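The values are calculated or read from the model by the stated rules, or taken from the named source; none is laboratory data. These figures come from a predicted structure and were not determined experimentally. Don't worry about glycine lacking a Cβ; one is built from the backbone with ideal geometry, like all the others, and counts go over all protein chains shown.
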């Protein structure tokens, strides 16, 4: 478990799957993530994250409000696996976050991501963490800037898994401070 001032990031629990399907699979939330997915795909991703985190691997924690325990989203680390990505970043570790729409605009994404970055550097000893989005997603771009990610424009790429309006994929990196 990871804690921040207002949030708790915990291993997903069984009840979180129903919540993710209801709250994180809307057209608005999934707009820059390839669109809503079918329930079997969400369940498979959920099971993969849960198993990975229980095994000490990369995955996405459920983000909950510290005060009430109410889930608000997910945030975590994953390997960059897409073959469309430049070789330099393939196999690297990236951060990602997704919040239910009713929790947008409160600084929760930045707070959760900051906690995950600290975990990645301080606990996992990562030298760098990547982040990816597109120019069509200014909210995530602002979060990356707030967190101190540097733009790596030379590594931008086109990903056929995303529609033209979400291309190119824009690449950012934050490095561990010595």
Seminar exercise, completed: Those residues of the range 2-15 that are in contact (Cβ under 8 Å) with a residue 40 or more places away in the chain, more than 16 Å from residue 109 (Cβ to Cβ) and out of contact with any helix residue (DSSP H, G or I) (no Cβ under 7 Å at 6 or more places or on another chain) come to a total of 3
Problem set entry | Leading residue by the ranking (modelled with the lowest pLDDT) among those in the range 160-178 that are surrounded by fewer than 18 Cβ atoms within 10 Å (Cβ to Cβ), in contact with a strand residue (DSSP E or B) (Cβ under 8 Å, 6 or more places away or on another chain) and in a loop (DSSP other than H, G, I, E, B) | 176
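Per-residue answers, yes or no, for (1) without any contact (Cβ under 8 Å) to a residue 60 or more places away in the chain; (2) in a loop (DSSP other than H, G, I, E, B); (3) more than 27 Å from residue 138 (Cβ to Cβ):
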residue: 20; (1), (2), (3): yes, no, no
residue: 28; (1), (2), (3): no, yes, no
residue: 37; (1), (2), (3): yes, yes, no
residue: 45; (1), (2), (3): yes, no, no
residue: 50; (1), (2), (3): yes, no, yes
residue: 53; (1), (2), (3): yes, no, yes
residue: 57; (1), (2), (3): yes, yes, yes
residue: 62; (1), (2), (3): yes, no, no
Exercise. For the range 136-151, which residues satisfy the criterion of being touching a residue at least 40 places away in the same chain (Cβ under 8 Å) and either farther than 19 Å from residue 95 by Cβ or not in a helix (DSSP H, G or I) (or both)?
Worked result: 136, 137
Exercise. How many residues does the range 104-145 hold that are within 22 Å of residue 66 (Cα to Cα), over 15 Å from the mean Cα position of the chain (by Cα) and surrounded by 12 or more Cβ atoms within 10 Å (Cβ to Cβ)?
Worked result: 1
For this session: Kindly provide the set of residues from the range 5-16 that are crowded, with 18+ Cβ neighbours inside 10 Å and either out of contact with any strand residue (DSSP E or B) (no Cβ under 8 Å at 6 or more places or on another chain) or not in a loop (DSSP other than H, G, I, E, B) (or both), ordered by number.
Result: 7, 8, 9, 16
